[in-house]
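Okay, so here's the structure we're looking at.
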Amino acid sequence: MAKWEAFSQCPGCGYNLLTDEGERSCAWGDCPYLPLELDVFCPTCRFNFMTGEGNPSCEHPSLCEDAAEARANVGNLQVWAEAHPRQPPA
């Protein structure tokens, strides 16, 4: 099993990695423990390739050379999310 497949969010964290919504249980903007293989944000402009939201600095985010790794990580995040279904809030 790859390291990213075993990743678990912190207890009490309500942030949804798939939708980029929810309350984090910490004060970090990004999860400090998130494996690089699950990071779906462009390192230059922070465009979210999972949700397709953000303000890309380039005309065609799907062709941006800086974000090739982030685009490739979308599949990893989908696989991870299927194996780690979110629990409804208590």
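The values are calculated or read from the model by the stated rules, or taken from the named source; none is laboratory data. Not measured: the values here are computed from a predicted model. Note that each Cβ is placed from the backbone with ideal geometry, even for glycine, and that neighbours are counted across all protein chains shown. Calculation scope for accessible area: heavy atoms of the full protein, side chains included, ligands and nucleic acids excluded. Shrake-Rupley method; radii C 1.70, N 1.55, O 1.52, S 1.80 Å.
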Hydrodynamic calc, the stretch 35-81: Kirkwood Rh from Cα pairs, then Stokes-Einstein at 10 °C with viscosity 1.306 mPa s, so D in µm² s⁻¹ is 153
Treat every Asp and Glu Cβ in the chain as -1 and every Lys and Arg Cβ as +1, leave all other atoms uncharged, and give the resulting dipole magnitude about the Cα centre to the nearest 20 debye. 260
If you take every residue apart from W4 with its C-beta less than 12 Å away from the C-beta of W4, what net charge results, scoring Lys and Arg +1 and Asp and Glu -1? -2
Counting only protein heavy atoms and a 1.4 Å probe, tell me what percentage of the stretch 14-61's accessible area is made up of carbon and sulfur. 50
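Determine, from the Cβ-Cβ distance of H60 and W28 and an R0 of 35 Å, the FRET efficiency 1/(1 + (r/R0)^6), rounded to the nearest 0.05.
0.70
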Across the chain, where is the longest run that never hits GluC sites (Glu not before Pro) in a DSSP loop with at most 13 other C-beta atoms within 10 Å? 24-58
How big is the Rg/Rh ratio for the stretch 14-54, C-alpha atoms only, Rh by Kirkwood, two decimals? 0.93
Computed over the chain, protein heavy atoms only, probe 1.4 angstrom, the accessible area per residue in square angstrom equals 68
hull vol. (C-alpha, convex hull) per residue for the chain, Å³ -> 101
Karplus couplings for the stretch 66-78 from phi (6.51 cos²θ - 1.76 cosθ + 1.60, θ = phi - 60°), rounded to Hz, Gly and Pro as x? 5, 10, 4, 5, 4, 5, 5, 6, 4, x, 4, 5, 5
